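The block underneath contains the structure these notes are about, expressed in structure tokens.
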Amino acid sequence: MVAVAKRAKLHRQAPPAPLAQSVAHALSRFVRRNGAGLLFLLPALVLFAFFVWYPIAYGFVLSFQDNSLFGGTGSWVGWRNFHRVLADPLFTFAWRNTIKYALYGLLFGYAIPIVLALAIDEVRFGKAYFRLAFYLPVIIPPLVTVFLWRYMYTPDGGLLNGLLNLIHVGPQPWLQSPATALQSLVVVTTWANAGGTMLIYLAALQSIPPELYEAAELDGAGIFSRIWHITLPQIRGVMLIMLILQIIATFQIFTEPFTLTDGGPVNATTTIMLLIYNYAFQNADLGMASALSVMLFLVLVTFSLGYFALTRRLWVGGE
Amino acid sequence: MQRSFKMRLPFRRAAAEPRETTDPERTLISLLEWRKPGVKLVNWTIFAVLSLLTLVTLGPLFWMLSGALKSSVEIFRTPPVLWPASPEWTNFQRAWTELDPLLYLTNTAILALGAIVLQFLVSATAAYSLSKLKPVLSNALLFFFLSTLMVPALAYLIPQYLTVVHLPIFGISLVDSWWAIWLPEAASAFNIIILKSFFDAIPNDLCEAARIDGANALTIFLRIIVPLSRPALAVVAMFTVFASWKDFLWPLLVLTDTSKEPISVALYQLGIAASNGVPQNVLLAGFILAMLPPVILFLMFQRQIIRGVNTAGLKG
């Protein structure tokens with residue numbers, strides 16, 4: 001720093017150089033200081049510009065234009081795409097289903113990873129085996145998971161109805177009835193993802209300072225009161241983050257409804273992403289698809305902002 | 001922000017000091033407590049319940065294997081047969097010849113390898129620049145990279161697809177070329193952040209010393225940063241492989257040439273979308289073949305991956 005200041009001073013004392021020369025000088029100093037850094041950033045900048053920043057901006061433009069997958073007029077149509085999306089009866093279905101998907105996902109799947117992590121952290125033997133056994137579904141490619149569950153959901157001769165038969169419960173239609181299809185999909189999603197969340201909770205549990213348990217024990221707190229007063233408050237931040245992340249993930253749910261039910265039966269499993277896909281690639285209507293994407297985008301960004309505000313507070317304001 | 005940090009510093013330091021009285025490994029229940037008979041019973045109950053619960057994750061996988069070995073009559077029998085009377089291992093042979101998983105697995109491997117190489121060329125260099133070289137505007141650029149983390153990729157699927165169909169400026173279409181997958185995937189803010197936080201932990205003195213010895217930025221990157229951050233790069237590479245194996249919608253859209261499809265798309269086309277007369281048991285065998293590579297990879301690098309999930313933290 002001092003050296004730079006001194007050099008600047010010397011420069012000022014020197015007789016005024018011709019303008020071109022001093023500009024060249026400044027330029028060469030700029031390149032020496034920043035050239036390598038900018039060069040190293042260049043690949044990322046180019047790729048982000050083409051495949052992230054530009055598409056995000058372009059998405060907003062598309063939602064106000066008339067465009068088809070096979071070319072279109074590209075003329076500006078104002079809010080018309082949005083009005084058409086709002087007038088579509090499927091729009092209500094899609095939002096309702098997606099919200100239901102999120103709620104059922106929380107109902108079935110939110111507590112499971114926490115309980116599993118707590119149990120695995122305490123169990124004295126087989127810790128590594130349990131961790132592996134519960135994490136395994138996360139590794140399996142989603143398409144395999146989907147096919148496997150379709151096979152188990154088969155109404156005649158499927159595993160699940162066979163098991164129900166053992167306890168004298170009649171066969172269920174699973175994916176083939178509007179009453180049970182969505183819940184059946186949520187089961188698949190939960191099965192596939194719970195292990196990953198469990199691993200994050202395990203890490204959170206292991207970072208709880210043992211002194212806290214020690215102190216509580218000395219004060220005569222029992223095991224359950226320690227869970228309630230120490231464990232849960234200590235992982236509260238992670239629990240909140242996981243809540244938001246799970247909601248963000250369910251709002252983008254696509255693979256399961258697309259491959260297992262294709263939105264059916266009777267639109268009971270049409271989600272927002274599936275509707276966007278259908279607008280764009282079945283109706284070739286890019287205007288409607290983009291308008292719905294923009295709506296989804298705004299909802300997701302709101303959730304993400306909440307997530308970032310939270311993680312920031314957790315990082316800055318002590319652990 | 002700064003004030004709260006300063007105020008908290010003494011507490012942090014106090015918490016970091018080792019205390020001899022506490023077993024650092026202890027969890028909710030202390031070792032002493034484990035000796036009590038009541039708590040022992042709790043332990044065995046937890047063990048039993050967890051063992052039962054593993055049936056929920058391992059059971060379906062067993063069921064898939066059992067189904068793949070059944071004859072085409074046995075597979076439709078009600079009530080279902082737990083394990084076939086005479087396992088038909090030939091189903092795997094049929095799956096290998098009829099479904100041609102080798103082609104699709106090779107495609108997936110090409111996609112994964114290309115993505116790893118690009119990841120290295122794009123994310124690692126950017127992270128190095130943002131962490132060590134810090135050129136002009138680097139904080140603003142970091143913010144621009146970070147802010148894309150807030151936008152889930154599916155929210156701009158349509159415009160991204162159109163970009164690939166007709167790349168602006170170049171005016172070419174990337175559809176049906178590997179680049180259609182590689183390039184968008186390489187623009188990963190998440191990887192930049194992971195690598196940057198790892199590079200931040202490498203002391204600046206090390207780079208400074210090398211620079212005084214006459215090393216340029218590239219040499220420092222290749223000779224110091226990369227060798228020191230092999231674990232972080234390995235984690236990023238591993239996540240890239242798993243992501244390639246899972247990716248479905250994007251390759252379905254941009255790789256319409258069936259001979260280029262990765263395994264996930266091929267499984268969808270062969271097993272779910274079309275009824276091409278391949279029997280259920282052969283399909284199941286094919287699906288098992290398709291999931292073996294990531295599962296084997298996971299079992300081999302289990303420890304690193306789990307540690308990676310922990311350090312990468314809350315990815316979701």
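FYI, it's all coordinate maths here, none of it is from the lab. No experiment lies behind these values; they were computed from the predicted model shown. As a convention, Cβ positions derive from the backbone with ideal geometry for all residues, glycine included, and neighbour counts pool all protein chains shown.
Given the convex hull of the Cα atoms of segment B:99-276, what is a quarter of its surface area in nm²?
Orientation-averaged projected area of the Cα hull: 12.1 nm².
All other residues with a Cβ under 12 Å from the Cβ of A:Glu256 taken together, and with Lys, Arg as +1 and Asp, Glu as -1, what is their net charge?
It works out to a net charge of 0.
Compute the normalised compactness of segment A:118-157: alpha-carbon radius of gyration over 2.2 N^0.38 Å, N being the residue count.
Working: Rg = 14.6 Å, N = 40, 2.2 N^0.38 = 8.9 Å.
Normalised Cα radius of gyration, segment A:118-157: 1.63.
Please list, or write none, the aspartates and glutamates whose alpha carbon is within less than 16 Å of the alpha carbon of A:Lys127, excluding same-chain residues fewer than 8 places away.
B:Glu25
Can you pull the one-decimal nm distance between simple spin-label points at A:Glu214 and A:Ser68, each 7 Å off the Cα toward Cβ?
Reported label-point gap for A:Glu214 and A:Ser68 is 7.4 nm.
Please name which of B:Phe198, B:Pro101, B:Ile272 has its Cα lying farthest along the dipole of segment B:99-276 towards the positive end, using unit charges on Cβ (Lys, Arg +1; Asp, Glu -1) and the Cα centre as origin.
B:Phe198
Starting with the fewest neighbours, write out B:Trp89, B:Trp179 ranked by other beta-carbon atoms found within 10 Å of each beta-carbon.
Least crowded to most crowded, the residues run B:Trp89, B:Trp179.
Quick one: check the C-alpha center-to-center distance for segment B:227-294 versus segment A:201-252, whole angstrom.
36 Å
What whole-number distance in Å separates the alpha-carbon centres of segment B:43-65 and segment A:134-155?
For segment B:43-65 versus segment A:134-155, the Cα centre distance is 16 Å.
Summing Lys, Arg as +1 and Asp, Glu as -1, what charge do residues with Cβ under 14 Å from the Cβ of A:Ala291 carry, A:Ala291 excluded?
Residues near A:Ala291 contribute -1 overall.
If you count, for each residue, the other Cβ atoms within 10 Å and average over each peptide, how do B:284-291, B:214-221, A:91-98 line up from highest to lowest?
My ranking of the peptides, most packed first, is B:284-291, A:91-98, B:214-221.
Among B:Ile158, A:Ile223, what is the fewest-to-most ranking by other Cβ atoms within 10 Å?
A:Ile223, B:Ile158
Cut-off under 17 Å on the C-alpha distance; same-chain residues fewer than 8 positions from B:Lys134 excluded. Which aspartates and glutamates are left, in chain and number order?
Excluding near neighbours in sequence, the set is B:Asp200, B:Asp205, B:Glu208.
I need B:Arg26, A:Arg150 ordered by Cβ neighbour count within 10 Å, fewest first. Present the calculation step by step, with values, prior to reporting the outcome.
Numbers: B:Arg26 16, A:Arg150 19.
Ascending number of Cβ neighbours within 10 Å: B:Arg26, A:Arg150.
For chain B, treating each Cα as an identical point scatterer without solvent, what Debye log10 I(q)/I(0) comes out at q = 0.09, 0.15, 0.16 1/Å?
One equal scatterer on each Cα of chain B leads to -0.72, -1.27, -1.34.
Quick check on the protein assembly as shown: helices-only [θ] at 222 nm, where DSSP H runs of length 4 and up contribute -39,500 (n - 2.57) each and the sum goes over total residues. Nearest 500, please.
On the way: 32 runs with 417 residues, N = 635.
The per-residue figure over the protein assembly as shown is -21000 deg cm²/dmol.
Using the Kirkwood radius over C-alpha pairs as Rh, can you work out the diffusion coefficient of segment A:88-316 via Stokes-Einstein at 4 °C, viscosity 1.567 mPa s, in µm² per second?
Once the numbers are plugged in, D ends up at 65 µm²/s.
Looking only at Cα atoms, what is the convex hull volume of segment A:75-169 per residue, in Å³?
Roughly 227 Å³ of hull volume per residue.
What residue among B:Phe198, B:Phe144, B:Phe170 has the largest mean-square fluctuation in a Gaussian network model of chain B, using Cα springs under 10 Å?
Judging by the Gaussian network model, the answer is B:Phe170.
Going from the alpha-carbon gyration tensor of the protein assembly as shown, what semi-axes, largest first and in whole Å, does one get by taking the root of 5 times each eigenvalue?
Taking √(5λ) for each eigenvalue gives 44, 36, 24 Å, largest first.
Once label points are set 7 Å from the Cα along Cα→Cβ at both B:Thr45 and B:Ser173, what is their separation, rounded to one decimal in nm?
6.5 nm
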